[in-house]
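Read the structure below first, then the notes.
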Amino acid sequence: MGRLWGLVKKEYIHFYRDPVAMLLILYFFTACIIICGYCFLFDAKHLHTVIYDMNRTSTSRDIIQRFLSTEYFDLDCFATSMADVKKRLDSGKARVALIIPPEFTRNLAEGRPASLQFICDGGDANQAGQGVGFAKRIIGDLNRKIIVERLNSQGIVVSQIPAIDGRVRTLYNQELKSVYYVVIFHIVLAGLIGGLILSSTAVVREKERGTIDQILVTPTRSWELLIAKTVAPLTIGLIATVFSFLTVFWFEVPCRGNPLTFFAFMGFFLISTTGIGILIGSICQNMLQAILLSVATQFPMVFLGGVITPLENLPPLLQKIAQFQPLTHFMIAANGIFQKGNGFSVLWPEALKLLIMGGGFLLAGCIIARRQWKQ
Amino acid sequence: MTIKRIWAVMKAEFIHIIRDPLSLIIALFMPLFLLFLSGYCIRFELKEMPVAVFDMDQSQESRNYIKAIDNTSYFHIEYFLTRYDQAKYLMDRGKTRCAVIIPADFSRKIKEYLPANVQILVDGSEITSAHFIINYLSAINASHSVKIADSFLKKRGIATNLEPIVLSPRFWYNQSLRDLTFIITGVFSLSIMGFVPILSALAIVREKESGSIQQIFASPIRSYEYIAGKMTPYVIFLTLDFLMVIVIGLWWFKLPLRGSTLILSLATFLMIFATVAIGFFISTLTRSQLTALLFGIVFTLMPAFIFGDTIAPIANSPEGWRLYSCLFPGRFYTGICRAQILKGSGIQSYWEDALALTAYCIAIFSISAWRVKSKKI
């Protein structure tokens, strides 16, 4: 037992003496999250709008005002020609353009369909779609108002016309701030990359420096060494997670569930990453390879984790594959704990899956590492 | 300046690189890997999203409305609720992201030609799908409203245009709104900036750690010959890597190339040069390989994702961060890349990006060269 504790202590000392690894882990758990919290935003707000008003009446000005007074559209400039509009969109200075043709008010007055052109930079389909959605809603409201006025003027007294009035109530995140999701995701990501790098470098360090041979000569059993190499990254990862809560406070991300539940899940998740990390560490010969391969491994896990795209959007085969990796379940748990206030009563399936996967990966990693050491 | 000296340094650097084949292979194949992952795993459009419905009205009108939602390819009515709180229960467990609550007076309001309220509960914890759900449901509501208003007016014998103002959306550059084009052009920038620079960051550091840098200083080789020799292998590897990525990206994913290949090539060459120079600059800063690796990841790989305008547009960020992002060439290159691949626009639309990229190259190369020359490393 004393041997085991000695080995674990050794791992901590290694980490402590390696300021680079420490800084890297700290970076992922704090600075990276903060940067992404500010810069990784998907909200299509304040879209730069170029406006080409060929109509120039109070009606067209009213419409323009309706657009610009929302937080969705910010004025880029008033264009004086179509070429102008094209230039602004081409250069990316404006993302959308509103074009009001000269005959607009005449068509409106004479009861003909009066069309407005709304041009989107289709390059970012996500934002374009959102932009059109907002525009359609603004015009929809205006249309209803116009129809009521017209009917009234024809002597039909109605205050409104029938319509489906959808009242949207957003659960968990009233203002639909994307920063909450970004921060939660990045803490999970930090756990992933940090966990992978910690465990893979722990294994490779010995190989690179040649000290693995010295250890193998001692009466230490390989499983004792493996336990040490599992316990250390796990605990360091959990401590780093404490630091990441600073970003939670910074961005005022709600934590409606119990933070300790989150730590438990992070622990379960780190078991998997440690297992994969040990596997990586066994394959690589030096630190550079270990870190590169760790970074490489997190890509498929992230892309197939239901993080960037919800899993329902993916083809069924990929959805099935996604179920077999730990990030998918950890992300569900993390989101559940922070935003939905879920606890173990709801999330126990995820916990179970994480534990099973963790055990599996850890076992695989340890077997391969041990086989290597035996040679 | 003798080519022989540059060639000698180049050969030595090639040998150094090849001595660690695994790192090279990972660095070269990562972009390709990323390309296919991005191409196949990123889909923002909804497909058959499961929706819960609580129909308190149970009338012909409410059933018509529910059918209108179900008939689209975006939504699929999966759960018929019998209690209001079941909606939150399902959403808590992630079984559905959206619930439509139809009140008991729905059909009465419609028959009396009043606006009928419908409550839409949306799971706000996942932003992109939340936005899509709200947008699409609003569109469905709008078109269903038009149908109802139509019958209302017909019954009264009034003929009037239900859409006085028609908004005609046009999507430039990407008619079919393929997510793919946007994402893949982002991956191009990522491929250059993300991985090989980490290798180049170790270029000089290796020599410093082993002490052979002193021999370099003692030799008659000039600093610019040394830098040229050291950087060229990485430029070559990165160029070959990028050619592979762009050929596969354009061919496999059938991307258009509307602009000028020449401009794209020039910009690519500048970008490659810039990123290798960044790695090189990092190399001149530190004595330890590990520290260089750390800086490499923090200042090339991560900024490539965050500030390279790849997945999330940098235009959304606050002013301060946008300025900081100018420290990394990724965003300039993505701008030019998208301009050429998607828009096919002329020089006037991206000359700022091009100028910035060129200036960046010159600046970083000069700083690195100065550091080597003054032996500050």
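Please treat every number below as a calculation from the coordinates, not as lab data. All values derive from a computational prediction rather than experimental measurement. In this analysis, Cβ positions are derived from the backbone assuming ideal geometry, glycine residues included, and neighbour counts consider all displayed protein chains.
General observations
- By the beta-carbon count within 10 Å of each Cβ, the least crowded to most crowded order of B:Ser212, A:Ser153, fewest first, is A:Ser153, B:Ser212.
- For B:Val166, distant residues with modelled amide H under 5 Å away: A:Ala114, A:Ser115, A:Leu116
- Pairwise centroid distance, computed over Cα atoms, of region A:162-231 with region A:300-360, Å: 14
- Cα shape, region A:1-102, gyration tensor, a/c 1.5 rule: prolate
- Residues whose amide H lies under 5 Å from that of B:Val118, counting only those 5 or more places away or on a different chain, are A:Asp165, A:Gly166, A:Arg167; hydrogens are built 1.01 Å from N in the peptide plane.
- Alpha carbon centroid spacing (whole Å) that separates region A:87-135 from region A:10-63: 27
- Straight-line reach from A:Lys93: taking Cα to Cα under 18 Å and skipping same-chain neighbours fewer than 8 places apart, the aspartates and glutamates in range are A:Asp43, A:Glu71, A:Asp74, A:Asp76, A:Asp84, A:Asp121, A:Asp124, B:Asp309, B:Glu319, B:Glu352, B:Asp353.
- Chain B shape via C-alpha gyration tensor axes, a/c threshold 1.5: prolate
- Among B:Ala52, B:Ala274, B:Ala292, the largest mean-square fluctuation in a Gaussian network model of chain B, built with springs joining Cα atoms closer than 10 Å, belongs to B:Ala52.
- Region B:70-137 and region B:162-240 have their alpha-carbon centroids 46 Å apart.
- Gaussian network model of chain B, Cα within-10 Å springs - most flexible of B:Ile133, B:Ile148, B:Ile192: B:Ile148
- Crossing angle, helix A:58-68 versus chain A [Cα axis fit, 0-90 degrees, rounded to tens]: 10
- Table column - 3J(HN,Hα) (Hz), region A:80-88, Karplus curve with 6.51, -1.76, 1.60, x for Gly and Pro: 10, 7, 5, 4, 4, 4, 4, 4, 5
- Positive dipole terminus of the protein assembly as shown, leading residue within A:Phe15, B:Ala339, B:Met231 (C-beta point charges): B:Met231
- Here the extension length gained between B:Leu22 and B:Tyr84 equals 16.6 nm, from 0.36 nm per residue of separation less the Cα-Cα distance.
- Under a 5 Å amide H cut-off, with hydrogens placed 1.01 Å from N, A:Thr170 pairs with B:Val122 among residues at least 5 apart or on other chains.
- Between helix A:2-17 and chain A there is an angle of about 50 degrees, using the helix long axis and the longest principal axis of the Cα atoms.
- DSSP H segments from chain B that extend 24 Å or more along their own axis, Cα-based, with Kyte-Doolittle mean of -1.0 or above: B:21-41, B:127-155, B:223-252, B:261-285, B:347-373
- Order of B:Leu342, B:Leu285 under a 10 Å beta carbon neighbour criterion, fewest first: B:Leu285, B:Leu342
- Distance (nanometres) between label positions extended 7 Å along Cα→Cβ at B:Ser168 and A:Ser159: 3.8
- Sorted by Cβ density within 10 Å, fewest first, the residues B:Ile158, B:Ile69: B:Ile158, B:Ile69
- Cα-Cα over 24 Å, subset of A:Lys136/A:Lys177; A:Lys177/B:Lys88; A:Lys136/A:Lys340; A:Lys340/B:Lys67: A:Lys136/A:Lys340; A:Lys340/B:Lys67
- Of all lysines in the structure, those lying under 25 Å Cα to Cα from B:Lys230, and not within fewer than 8 positions of it along the same chain, are B:Lys4, B:Lys11, B:Lys208, B:Lys373, B:Lys375, B:Lys376.
- Annotation: lysines with alpha-carbon distance below 18 angstrom to A:Lys86 (same-chain offsets under eight excluded): B:Lys343.
- Distance between the pseudo-spin-label points of A:Gln372 and A:Arg3 (7 Å out from Cα toward the beta carbon): 2.2 nm.
- Principal-axis tilt of helix A:222-250 within chain A, Cα atoms, nearest 10 degrees: 30
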